[in-house]
Amino acid sequence: MEIGKYIDHTNLKMDATSKDIAKLCSEAIEYGFETVCVHPYYVSLAKDLLKGTNIGVCTVIGFPLGMNTPKTKAFEAIDAVENGADEIDMVINVGALKDKDYDYVKSEIEEVRDSADGKTLKVIVETSLLTEEEIIKMTEICNETFVNFIKTSTGFGKRGASLEDIKIMAKHRNEVLEIKASGGIKTFDQMNELIEAGATRIGTSSGVEIVTNMKGE
């Protein structure tokens, strides 16, 4: 297993500095991570720092609460892509989901998808706030909207990814939809369990610790 290619190396701290982002990008190069995940403010910096590498730049939209309007999220996506983002992680409107306004949730995702210029789109559903029925519904909506990933968490919720979350998503996803587990993932064993359950991408700020403390090393 080429473990680094599963990892979105993440720094979404409110007080992250340009020096922190430079360190993040340097680590991504050293350990061969798939992307760095940064706030929109740092997309252009990360793109410059990673020039000449095959490491992507991921950023977040409607983050972390998801209560922006669809037009705002769409503009954020357009701006992020113009600044060099390769991947977009958008937060759904959880309130609309709980109101069972599925048409709104679906159309919002489609608006961001269509604004992302073909870039990889991951849909953050914040599983810590959802029932099993709601996780299933969001997996079905992600199937229907042809996004690339369904993602468990922002890292700012009540908890991060759980094995049960991943198993539910894996059971109900189509053959195209992938799963990103994120939030609270700090060890190789934990990461490996999530991958075995169906995750194909891991969002973590502990990527260096994970790859340098792999089981058996």
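Which residues make up the longest stretch of the chain that has no chymotrypsin sites (Phe, Trp or Tyr not before Pro) in a DSSP loop with at most 16 other Cβ atoms within 10 Å? Maximal segment without exposed cleavage sites: 1-145.
Counting beta carbons within 10 Å around each of 153, 128, 18 and listing the fewest first gives the order 18, 128, 153. Put simply, the amide H of residue 204, placed in the peptide plane, has neighbours under 5 Å in 8, 10, leaving out anything fewer than 5 places away on its chain.
Its Cα gyration tensor gives the stretch 89-177 an equivalent ellipsoid; the semi-axes, largest first and in whole Å, are 18, 14, 13.
Relative to the current alpha-carbon distance between residue 44 and residue 171, full extension at 0.36 nm per residue lengthens the span by 42.0 nm. Ordering 36, 43 from the fewest to the most neighbouring beta carbons within 10 Å gives 43, 36. Extents of the stretch 17-118, taken as max minus min of Cα coordinates on every principal axis and listed largest first, are 45, 22, 21 Å. Reported value for the stretch 59-212: 99 Å³ per residue, from the convex hull of its C-alpha atoms. Along the stretch 58-72 the Karplus relation, 6.51 cos²θ - 1.76 cosθ + 1.60 evaluated at θ = phi - 60°, assigns HN-Hα couplings of 10, 9, 10, 10, x, 9, x, 8, x, 8, 5, 6, x, 5, 5 Hz to successive residues, with x for each Gly and Pro.
Per-residue Cβ neighbour counts within 10 Å put 25, 37 in the sequence 25, 37, beginning with the fewest.
Any read-out appearing in this document is the output of simple, stated calculations on the displayed coordinates, not a laboratory observation. Quick caveat, the model's predicted, so the values are computed rather than measured. Please note: Cβ atoms are built from the backbone with ideal geometry, for glycine as well, and neighbour counts cover all protein chains shown.
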